[in-house]
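Reading through the structure tokens given below for one structure.
The values are calculated or read from the model by the stated rules, or taken from the named source; none is laboratory data. All of these numbers come straight from a predicted model, not from anything done at the bench. All Cβ positions, even for glycine, are placed from backbone atoms using ideal geometry, and neighbour counts span all protein chains on display.
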Amino acid sequence: MSIRVVIIDDSPTMRAILTNRLSKEPDIDVVAAAANAAEGRQMIRELDPDVVTLDIEMPGMNGLDFLAKIMELRPTPVIIVSGTTQRGDENTARALALGAVDCYAKSGGGLDDAGRLAEMIRDASRVQFTARAPAAQRVAVEARSSLIERPALIAIGSSTGGVEALQTVLGSFPADCPPTVIVQHINARFAPAVARTLDQSCPPRILIAEPDMPLKPGHVYLAPGDDRHLSIGGSSTYRCKLRTGDPVSGHQPSVDVLFASVAEVVGARAVGILLTGMGADGAQGLLAMARSGAHTIAQDEATCTVFGMPRAAISLGAANVVAPLGSIARHLFSKAA
């Protein structure tokens, strides 16, 4: 069965380019193309598409407000198709925090890699938004013990739906949280804007990791998103390490690489958290952390946009705790709570 797509873009040229290129994919069916939010809302209501592509920089509308309404009233996988401007990057980062599942950077003249956009659409079509179970029904999945001692370092991995999840988790962190390192699968172009967006809404300082950067309390370090793997080095003072290399578990940077380094360098004084995402990146790394004595947490299925990565870790027995998104921070800072 074809993946049914609605395109929303104010540019007639871009609508035509997107429609023409995506229609060449045998498994993708562009069922409608809208010029503005009002048209898009009507088409989504009438056609119930599998995926929506959305340009959020359209004149005469607030694309972020429109996206927020989509996610509130009719949750649908949305891919942001963003222009090459700093404002576009900032809006895309905010859109990811609102629940967009991915972002594609279009060039001034059209699509540099339409095949990549088609792959994003295929991945997005597998996202299933489910109603959140009441908290009282989720307590039972929070297995084993909560953290007792303050960790020396926190490592987090996330992918599809991860920016929104990170905003929830980091928003509950105290300003003086332990040093925290994150691999979020994201286009390198958007990583700085994501860091700024999270920094504006979360108590700790959030910045892009740089080579040999010392890890400090109250700071969160996000992988740059380019072809370099983020890992941890050092002894008395932990530091960011960035290196080029082949994909691991299908990704550069890879959550598995980060978690494996934390298991080796920090061991039982660390906490590993695996959030929503497609595939299995991070599962083996979380298992390595658990075997080193670290406290390990996986997001539960009911609150994941995509349960792939946490599911893979849970199936390996790598998670000490399986918790809903909103209570993960409580397992880290229970003594302060």
Inside the stretch 215-323, counting only helices (runs of 4 or more DSSP H) that do not spill past its ends, which hold 2 or more residues that are touching a Cys at 6+ places or on another chain (Cβ under 7 Å) and either over 25 Å from Ala193 (Cβ atoms) or without any contact (Cβ under 8 Å) to a residue 12 or more places away in the chain (or both)? none
Can you give me the number of residues within the stretch 197-248 that are surrounded by fewer than 20 Cβ atoms within 10 Å (Cβ to Cβ), among the β-branched types (Val, Ile, Thr), modelled with pLDDT of 95 or more and farther than 23 Å from Ala280 by Cβ? 1
Considering every residue within the stretch 263-272, establish whether at least one is crowded, with 21+ Cβ neighbours inside 10 Å and under 22 Å from Cys103 (Cα atoms). no
Quick test of your reading of the structure: Met289 fulfils all but one of (1) touching a Ser or Thr at 6+ places or on another chain (Cβ under 6 Å); (2) surrounded by fewer than 22 Cβ atoms within 10 Å (Cβ to Cβ). Name the failing condition by number. (2)
Of all the residues that make up the stretch 33-54, how many are outside any helix (DSSP H, G or I) and buried (at least 20 other Cβ atoms within 10 Å of the Cβ)? 8
Quick check: anything in the stretch 55-78 assigned to a strand (DSSP E or B) and either surrounded by fewer than 21 Cβ atoms within 10 Å (Cβ to Cβ) or of a type in the set (Ser, Thr, Tyr) (or both)? no
